Amino acid sequence: MTTVESIIVGIVEGITEYIPISSTGHMIIAEKMLDISDDDFTKVFTVAIQLGAILAVVVLYWKKFFNFKNWQFYAKIAVGVIPALLLGYLFSDRIDAMLESTLTVAISLLAGGFILLFIDNVFKNPKIEKEEDVSFLNAIIIGTWQCIAMIPGISRSAASIIGGMQQKLTRSAAAEFSFFLAVPTMLAATVYKLLKYFQDHGGFTQNEINQLAIGNAVAFIVALLAIKFFIGFLKKHGFKVWGYYRIVLGIVLLILMYTGNLKH
């Protein structure tokens, strides 16, 4: 993997991680279009640069994450992440296999796109406007919704935001709780992949360390901007534009696969 490729994938991760258009799906697309070698390091890299995106949430919401008196915040996040940790551990190999399929990404983008077109009309009259009012039951149900995103192309943020709205959170409150839930979820996945690679390969080369540092730095900066933009946009415009985007992208992918310009 070259430095330019690391920067491009870092930008894709930073933009798409917290917007409901599937970061995993977009990184699979980016890798295939850049024709990046599908080796073990590339697979680890696309997961490990989530650390940069995670740090962006912690920095933007540092008052939440470093208010140690508010133990309920940490407890709710811990409860909410249990379903993803459990299913991720049990079905790790099957999830990795799905990550190879562009067709799965395209279908998931289309399906999720149609859902986002109507989601604002489905869940009306929200009652919960801030994280403090989210109950432990709310948290574990939202965390269960998040597990749907183990299918590439679904979008972790989309699944957990929809789960939050189903639990009567406002759009912005659901989005922010989705961000909070992302931190331990992605951190666990990243640490697991890094440790596994370290055990299998005996460590990282200097070039690999450099590419990880570059990718994470880029993902961090871009994610900071993306989160701020998304929250403001969501309050004013809702989800429809993301639904249309997903549908168009899904159709383009299917056309590219049908014409032989993109591997399945």
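Pairs meeting the criteria (first residue in the stretch 222-244 and in contact (Cβ under 8 Å) with a residue 40 or more places away in the chain, second residue among the basic types (K, R), beta carbons under 9 Å, at least 6 apart or on different chains) are L234/R171; K235/R171; G238/R171; F239/R171.
Scanning the stretch 204-230 for residues that are of a type in the set (G, A, S) and over 20 Å from T42 (Cβ atoms), which turns out surrounded by the most Cβ atoms within 10 Å (Cβ to Cβ)? If we take residues in the stretch 204-230 being of a type in the set (G, A, S) and over 20 Å from T42 (Cβ atoms), then A223 is surrounded by the most Cβ atoms within 10 Å (Cβ to Cβ).
Tell me yes or no: at least one residue of the stretch 102-122 is without any contact (Cβ under 8 Å) to a residue 12 or more places away in the chain, more than 30 Å from L256 (Cβ to Cβ), part of a helix (DSSP H, G or I) and not β-branched (V, I, T). Checking the stretch 102-122: at least one residue is without any contact (Cβ under 8 Å) to a residue 12 or more places away in the chain, more than 30 Å from L256 (Cβ to Cβ), part of a helix (DSSP H, G or I) and not β-branched (V, I, T). Cβ-Cβ contacts under 9 Å between residues 6 or more apart (or on different chains), taken from a first residue in the stretch 65-77 that is over 16 Å from T185 (Cβ atoms) to a second residue that is among the acidic types (D, E) and assigned to a helix (DSSP H, G or I), are listed as N70/E132; Q72/E132.
Which of the residues spanning the stretch 231-253 are surrounded by fewer than 20 Cβ atoms within 10 Å (Cβ to Cβ) and at pLDDT 90 or above? The answer is K240, V241, Y244, Y245, I247, V248, I251. Comparison of T190, T170 shows that the only residue that is closer than 23 Å to V47 by Cα and among the hydroxyl-bearing types (S, T, Y) is T190. Residues of the stretch 45-69 that are surrounded by fewer than 14 Cβ atoms within 10 Å (Cβ to Cβ) and more than 19 Å from the chain's Cα centre (by Cα): W62, K63, F66, N67, F68, K69.
Filter the stretch 70-99 down to residues that are charged (D, E, K, R) and surrounded by fewer than 15 Cβ atoms within 10 Å (Cβ to Cβ) and give me whichever is farthest from L169 (Cα to Cα). The extreme case among them is D93. Among the residues of the stretch 100-145, the one identified as at pLDDT below 90, under 19 Å from A75 (Cα atoms) and surrounded by 19 or more Cβ atoms within 10 Å (Cβ to Cβ) is E131.
Residue count for the stretch 136-178, restricted to those that are over 11 Å from the mean Cα position of the chain (by Cα), of a type in the set (A, V, I, L, M, F, W, C) and not in a helix (DSSP H, G or I): 2. The number of residues in the stretch 39-52 being over 14 Å from G14 (Cα atoms) and either in contact with a strand residue (DSSP E or B) (Cβ under 8 Å, 6 or more places away or on another chain) or in contact (Cβ under 8 Å) with a residue 24 or more places away in the chain (or both) comes to 5.
The values are calculated or read from the model by the stated rules, or taken from the named source; none is laboratory data. Keep in mind that what you see is a predicted model, and the values were worked out from it rather than measured. A quick note on method: Cβ atoms are made from the backbone with ideal geometry, for glycine too, and the neighbour counts reach across all protein chains shown.
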